[in-house]
1. Looking at the structure I just gave you, is residue B:195 closer than 25 Å to residue B:86 by Cβ and either at pLDDT 95 or above or within 14 Å of another protein chain (Cβ to nearest Cβ) (or both)?
2. Quick check: is even one residue across region C:102-118 within 14 Å of the chain's Cα centre (by Cα) and within 11 Å of chain B (Cβ to nearest Cβ)?
3. Kindly establish whether residue C:59 is within 10 Å of another protein chain (Cβ to nearest Cβ) and surrounded by fewer than 18 Cβ atoms within 10 Å (Cβ to Cβ).
4. For region B:151-189, what are the residues that are more than 27 Å from residue B:22 (Cβ to Cβ), in contact with a helix residue (DSSP H, G or I) (Cβ under 8 Å, 6 or more places away or on another chain), within 9 Å of chain A (Cβ to nearest Cβ) and part of a helix (DSSP H, G or I)?
5. Being within 15 Å of residue B:37 (Cα to Cα) and out of contact with any strand residue (DSSP E or B) (no Cβ under 6 Å at 6 or more places or on another chain) narrows it down to one residue among B:69, B:73, B:114; which is it?
6. If you scan region B:44-56, which residues turn out to be under 27 Å from residue B:113 (Cβ atoms) and either within 14 Å of chain C (Cβ to nearest Cβ) or touching a strand residue (DSSP E or B) at 6+ places or on another chain (Cβ under 8 Å) (or both)?
7. Which of the residues spanning region C:114-137 are surrounded by 15 or more Cβ atoms within 10 Å (Cβ to Cβ) and farther than 14 Å from residue C:27 by Cβ?
8. Go through (1) surrounded by fewer than 16 Cβ atoms within 10 Å (Cβ to Cβ); (2) more than 13 Å from chain C (Cβ to nearest Cβ) and name the single condition residue B:41 misses.
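The values are calculated or read from the model by the stated rules, or taken from the named source; none is laboratory data. Since this is a predicted model, take the numbers as computed values, not measurements. As a convention, Cβ positions derive from the backbone with ideal geometry for all residues, glycine included, and neighbour counts pool all protein chains shown.
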């Protein structure tokens, strides 16, 4: 009971490092399978494994939070951070699942570009989240957050261009339904990365 | 003014019992009309009545929360719980509304399966929420939550199978647009049930 | 450092007045371009400017919140209010962006009706939010909130009627995909206005 009131800072940082590492693995694996254009049972199974570990990572953080009295930063920020990082992996899994359900097994140049921007953004998310353990280098954390915001804008423009192209190149409605959803979900991954960046920025501002 | 600071535990539990009972009624009625394939003015009116009572139930809880100093569990958990239970009824209403707007008046085997899983999940939600009044049987509460999570996974697989079928059976794009939305919304009801389960689990963990 | 603990009430109200004024400008401009049916580079650029100022307005409020110890009302309500007002402008921008991406450059009677209801709702949002500075006239604040709720219901009915029409008038699936999204997003603006009204109502109830 007494232990409940001791700070458990190291624990939270370790848990976040772990959780964010699943997001990085998922983003990297996503780029690999998009480059190969294979969205089969095996790629889905592998992506599901990342998603499952991400879930467990978030669950570990929330459970720890509910048991801990003193936390390294605001409780609601810990909660948001765990949830948003989880959402990154969930959304990447959702995309792969839809690619399989829609039977879209080819290399798509636009999706490959998205996968590359997503990988960059998730690596920056990992760097920003890991930076929280040691607030020595606030400038570097804030630089990562700013770069994530920039990539989210890049993603918006990419999505608009790709969607306009989808409707202009005379393809059938069913193909439009499928790809519109895939590209929008890809852009949503970047939106979620931006949400993580906002939580990290808020944590830094409050500590400053 | 003095009363404001007295515990009002019973009140909250009564309010939650009431609110969750509207969700149960909505889920049961949904299964009935899906089995008949009638989404007419009358079924929508009836479903709107549940949705309206659900709204009032949530409103009563939030109002009580804003007036009460000491609450039986964390304020943000009370808030989330009221909101998520409300979302269950809202989403079931949304489905019935769309079935009517899209003029889909036939018995659909897949939707009937969803309606059945939804009913099971909402009954478990009711059981878990009612369990909070008396924490004697934590195992039973946690069993309900685990079973809700399992049903959400069942729903995911159902949705994937049904969506893949929609695109494979050569039907026209307009029919795909309509049914894709209906099935996805049906699965969303189960997602919301899972969200309720997560809030309940958090409440139990904090009290343990 | 000492200043950090001084109340900054006036500041928050000034910041909210500013932020809500961008939402009003965006809603008015939206009605103008919908009436002209021109969704070109210039209208998008102008709408982006509102969206950008809205973002900065929200950012200023959140930053101020993170630096301030004593706030005029609950921290989470300030946070929600800033976020929801930002969401209004974001969603209006999203609609204009999609109208341009989808190359929909004509006057649409239904969209014009939505634009008019949106303008009314956003003006009421501004009135309700500004009312918070001075709680003298609670009746007037609550009246605005009630009227916003009414307009959201009006929007629901409009969307249902318009969607049913889209599917009934024999148009092609690609046109349905585009306009269905536009009308649903238009109705979402009203949903967000209702969310703001709910936060305002909660603030009033807590102060009462």
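1. On the way: closer than 25 Å to residue B:86 by Cβ: yes; either at pLDDT 95 or above or within 14 Å of another protein chain (Cβ to nearest Cβ) (or both): yes.
So residue B:195 passes the test.
2. No, that holds for no residue.
3. The answer is yes for residue C:59.
4. B:160, B:163, B:164, B:167, B:173, B:174, B:176, B:177, B:180
5. Of B:69, B:73, B:114, the one residue that is within 15 Å of residue B:37 (Cα to Cα) and out of contact with any strand residue (DSSP E or B) (no Cβ under 6 Å at 6 or more places or on another chain) is B:114.
6. Selection gives B:44, B:45, B:47, B:48, B:51.
7. Residues satisfying the conditions are C:128, C:130, C:131, C:132, C:133.
8. Status for residue B:41: all satisfied but (2).
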